[in-house]
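The values are calculated or read from the model by the stated rules, or taken from the named source; none is laboratory data. Please read these numbers as outputs of a predicted model, since none were measured by experiment. Cβ coordinates were reconstructed from backbone atoms using ideal geometry, including for glycine residues, and neighbour counts include every protein chain displayed.
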């Protein structure tokens, strides 16, 4: 019999979760029939009695100061509607393992299983069934992983019998049958399916289901990067593959600090004192589109594992997040079938990143959010991580024949299956139903323990090679690690979350929090001892063989035997046609601004300019005690900075800087210039904080709609821009990721393609963090200096144009060579102590940057606009690679910045307003409080602050 414990906040105290749900019901759904919401936690236990359940409630589950509980009885009895929401059976509920462990610590024996859920009580006499359905589907239940509990479950123990291994008769299949086999699960094209058929014809047998799944995973776009490795025919001329161009540019740069580029789970560069720092940025778009909380959690968990899986193991220092959504207030009728509402997506993705990073003790200290209508079908969720490890251990390890294959960390379940192939396919109105097993919920505490055990094992020299179980699970991790030597594993040795998994499910499952190591046999006992000390489960699955085959058994029967050469090199190289044709977008007519104060407030309150502080404050950016430049500083700690700076080696002045840049709107207009803008923005953010451009490395993330000929032409131009940037500046790309499936196709023929995204992340080293600056103005009476090359007529893609409801074609055109001169001049000025504050120009242009510096410093500003300039263009031009610098009144800007273009545009004041004059007349004066209110309001409304 199950025992139930319900815990609820006392009636006379506020119910914060209930208030949050009510806020969303009113403001996100415009439902006014609900007057109040109460929430309760429901805990279920199997294998214990009511007395033991009461003990758990008393000692563990309820805080008697503000909560009360009841065993095997209701706690919400007076609501008009009561419903319970729980995870579906088989979905990882992170609380369940903690409940089991805590019960054991309290001396409770016999507990077989535990689970938890939420109960909601809705109050209001006019609530309709339609209201309840909208509330549950929009806010409370993600049908991918959750359900409404209709009756008390009879058991919590998941039972099952493993499905039998199946043979797939590919040798007899027609082309149509091969495509049908591929359509919903494998996402391979006909040529690739024919190559698989030919392979098994050659070896004289049909594949098992596990073999066909393993090939599909390895050959997926997600894992195989088929487009980036394709032969590219651009306007009739063949060009080198995209990936090869990026790699060649990095190699040709011969950057002295690069230690590892494009060969490991992350890229690494030399730091100080014999240490290396590493970085990786990943995407988790498809999972986050159908289950935003779990998708974001597992995205963070996965990129953290990339860091720990670098070299022989690195410590994770920091997390970043860059999101692209439709506007939170997008009307319901504009949301395509099978897609979730942007308001819900945004809040749940932020919660997923927050809950994973915070619980692991990893600071999230850099990020951004971008909004555009065409993300309403599929968001872009980009997560990054950075780490540190001894430089001598940063090279990718290689297993030797006879080494053992060791799995450690979380158990394997049915969650996450087909994640790699799913992420390689377009999204449709069927996506949520067909691919619901491709997402899962993460368990950050499990991952934290696993990381601690790995670092202890690394320090004792027990790890020969390491990688993470990400896309493709064991199939990818062991298959890639053993590519040069071969591996044989016993799948029935893998610890399972519950019985009933078929062999192919065990191999392909992407259950989180798992790592795979190669260890010499003589080191395994000590490795197991360390894992036991950290309460981490570790299992020897098999060994690396030397036969260059990937084979697996299940209960003594061989279920897979594939040649590594075919698995990793059998994929046919695609030949793809590319030809980009620019679209002509109309420029707005020249109209004089009637109300400057209103315009300035609209720019500051624009969804892409406004403060993202309500998001940032949910993340712990101070944990680990390394933060030297946090996301916000200034007198009120609400002035945004351009980059994050950390001190990874405690007690030393050495800094690590992290920044990024992206602008999807510019990529719609011109992917070459838009990509240069992203690179310039990433570097500008770091340089504005005090980093030398010579000590920076870059990472790329391409997120594109499914590449037809024109979109592939755009991708080709974006890569060309990256290559040109490397060759002009010497800053190399050392890691990257492509995600080329951000297209939605509805059954009614609707096609939605996201604006192409190139997110460029920069990180590097700083010798002394005391020689860095924040963006907030420091005092009144300083000079405000504009530094950099600008053509203010280049306004296309700007916030100002968007307010006018235009896009335009005349976007900022950048010269990487000229940019490098500006970067070096700004860096020298900061490092010499001549700049008091510095902020780069981006969304919202000079006007937005100026306001943010004033917000941080609580000072006013007077600006003089040159007579020859159109005031709107001067204030709102968004050319990347330009800076606002605060200089003491006595400094000569020409002496500080040399030959680089610079001009004094005004001064800081003791007042509380920003004013602008032109041709001797006052153009406007606006109170800082008015601007700040407009700037802060949008995200405060979304996040109920």
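Every condition in (1) out of contact with any strand residue (DSSP E or B) (no Cβ under 9 Å at 6 or more places or on another chain); (2) touching a residue at least 60 places away in the same chain (Cβ under 8 Å) is met by residue 521 except one, and the failing one is (1).
For residues that are assigned to a strand (DSSP E or B) and under 22 Å from residue 245 (Cβ atoms), scanning just the stretch 260-273, find the one that is nearest to the chain's Cα centre (by Cα).
The initial filter retains those residues of the stretch 260-273 that are assigned to a strand (DSSP E or B), namely 260, 267-270.
Among the residues that remain, those that are also under 22 Å from residue 245 (Cβ atoms) are: 260, 267-269.
Values: 260: 22, 267: 17, 268: 19, 269: 22 Å.
Across the stretch 260-273, the extreme among qualifying residues is 267.
From the list 206, 198, 176, the one residue that fits, being in contact with a strand residue (DSSP E or B) (Cβ under 7 Å, 6 or more places away or on another chain) and surrounded by fewer than 20 Cβ atoms within 10 Å (Cβ to Cβ), is 206.
Here residue 124 fulfils each of the conditions (1) touching a strand residue (DSSP E or B) at 6+ places or on another chain (Cβ under 8 Å); (2) crowded, with 16+ Cβ neighbours inside 10 Å; (3) within 29 Å of residue 47 (Cβ to Cβ); (4) touching a residue at least 60 places away in the same chain (Cβ under 8 Å) apart from (3).
Quick one: is residue 705 over 30 Å from residue 340 (Cα atoms) and touching a residue at least 12 places away in the same chain (Cβ under 8 Å)? Outline the logic, then answer.
Values: over 30 Å from residue 340 (Cα atoms): no; touching a residue at least 12 places away in the same chain (Cβ under 8 Å): yes.
Considered against the rule, which asks whether it is over 30 Å from residue 340 (Cα atoms) and touching a residue at least 12 places away in the same chain (Cβ under 8 Å), residue 705 comes out as no.
Which of the residues that make up the stretch 459-481 are surrounded by fewer than 22 Cβ atoms within 10 Å (Cβ to Cβ), assigned to a helix (DSSP H, G or I) and out of contact with any strand residue (DSSP E or B) (no Cβ under 7 Å at 6 or more places or on another chain)? 459, the sole residue that qualifies.
Count of the stretch 875-904 residues, restricted to those that are assigned to a strand (DSSP E or B) and buried (at least 21 other Cβ atoms within 10 Å of the Cβ), is 6. Number of residues in the stretch 496-512 that are in a loop (DSSP other than H, G, I, E, B) and either crowded, with 20+ Cβ neighbours inside 10 Å or under 29 Å from the mean Cα position of the chain (by Cα) (or both) equals 7.
For residue 490, state whether it is under 17 Å from residue 528 (Cα atoms), at pLDDT 95 or above and over 21 Å from the mean Cα position of the chain (by Cα). So residue 490 fails the test.
When only residues in the stretch 1-15 that are in a loop (DSSP other than H, G, I, E, B) and under 36 Å from the mean Cα position of the chain (by Cα) count, which is farthest from residue 74 (Cα to Cα)? Among them, the one singled out is 14.
Only one of these is touching a strand residue (DSSP E or B) at 6+ places or on another chain (Cβ under 9 Å) and crowded, with 23+ Cβ neighbours inside 10 Å: 294, 338, 302. Name it. I'd like the intermediate steps shown before the answer.
On the way: 294 fails: touching a strand residue (DSSP E or B) at 6+ places or on another chain (Cβ under 9 Å); 338 fails: crowded, with 23+ Cβ neighbours inside 10 Å.
None of the others qualify; the one that does is 302.
Restricting the search to strands (runs of 3 or more DSSP E) fully inside the stretch 330-443 and requiring at least 1 residues that are out of contact with any helix residue (DSSP H, G or I) (no Cβ under 8 Å at 6 or more places or on another chain) and either in the same structural domain as residue 140 (by TED's automatic domain parsing) or at pLDDT 95 or above (or both) gives 364-371, 380-390.
From the list 784, 760, 754, 734, which residue is buried (at least 20 other Cβ atoms within 10 Å of the Cβ) and within 30 Å of residue 636 (Cβ to Cβ)?
Values: 760 fails: within 30 Å of residue 636 (Cβ to Cβ); 754 fails: within 30 Å of residue 636 (Cβ to Cβ); 734 fails: within 30 Å of residue 636 (Cβ to Cβ).
After applying the criteria, what remains is 784.
Taking the stretch 614-656 as the search range and keeping residues that are on the phi > 0 side of the Ramachandran plot, without any contact (Cβ under 8 Å) to a residue 60 or more places away in the chain and in a loop (DSSP other than H, G, I, E, B), which one is surrounded by the most Cβ atoms within 10 Å (Cβ to Cβ)? Spell out how you get there, then give the answer.
From the stretch 614-656, those on the phi > 0 side of the Ramachandran plot are 624-625, 634, 637, 651; that's our starting set.
Next, from what is left, pick out any that are without any contact (Cβ under 8 Å) to a residue 60 or more places away in the chain: 625, 637, 651.
Then keep just the ones that are in a loop (DSSP other than H, G, I, E, B); that gives 637, 651.
Numbers: 637: 13, 651: 6.
Result: 637.
In this structure, does residue 761 turn out to be within 27 Å of residue 817 (Cα to Cα) and either free of Cβ contacts under 8 Å to residues at least 12 places away in the same chain or in contact with a strand residue (DSSP E or B) (Cβ under 9 Å, 6 or more places away or on another chain) (or both)? When the stated conditions are applied, residue 761 passes them.
Please state which one of 75, 85, 91, 71 is modelled with pLDDT under 95 and surrounded by 14 or more Cβ atoms within 10 Å (Cβ to Cβ).
Numbers: 75 fails: modelled with pLDDT under 95; 85 fails: modelled with pLDDT under 95; 71 fails: modelled with pLDDT under 95.
Selected residue: 91, the only one of 75, 85, 91, 71 that is modelled with pLDDT under 95 and surrounded by 14 or more Cβ atoms within 10 Å (Cβ to Cβ).
Looking only at the stretch 905-945, residues that are surrounded by fewer than 15 Cβ atoms within 10 Å (Cβ to Cβ) and under 20 Å from residue 868 (Cβ atoms) come to 4 in all.
Let's see how each residue does on (1) in contact with a helix residue (DSSP H, G or I) (Cβ under 7 Å, 6 or more places away or on another chain); (2) modelled with pLDDT of 95 or more; (3) over 23 Å from residue 813 (Cβ atoms):
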{"position": "837", "(1), (2), (3)": "yes, yes, yes"}
{"position": "840", "(1), (2), (3)": "yes, yes, no"}
{"position": "861", "(1), (2), (3)": "yes, yes, yes"}
{"position": "870", "(1), (2), (3)": "no, yes, no"}
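How many residues does the stretch 549-574 hold that are surrounded by fewer than 16 Cβ atoms within 10 Å (Cβ to Cβ), at pLDDT 95 or above and in contact with a strand residue (DSSP E or B) (Cβ under 8 Å, 6 or more places away or on another chain)? Counting residues in the stretch 549-574 that are surrounded by fewer than 16 Cβ atoms within 10 Å (Cβ to Cβ), at pLDDT 95 or above and in contact with a strand residue (DSSP E or B) (Cβ under 8 Å, 6 or more places away or on another chain) gives 1.
Would you say residue 351 is within 17 Å of the chain's Cα centre (by Cα), surrounded by fewer than 20 Cβ atoms within 10 Å (Cβ to Cβ) and farther than 17 Å from residue 755 by Cβ? Walk me through it before giving the result.
Details: within 17 Å of the chain's Cα centre (by Cα): yes; surrounded by fewer than 20 Cβ atoms within 10 Å (Cβ to Cβ): yes; farther than 17 Å from residue 755 by Cβ: yes.
Yes, satisfied.
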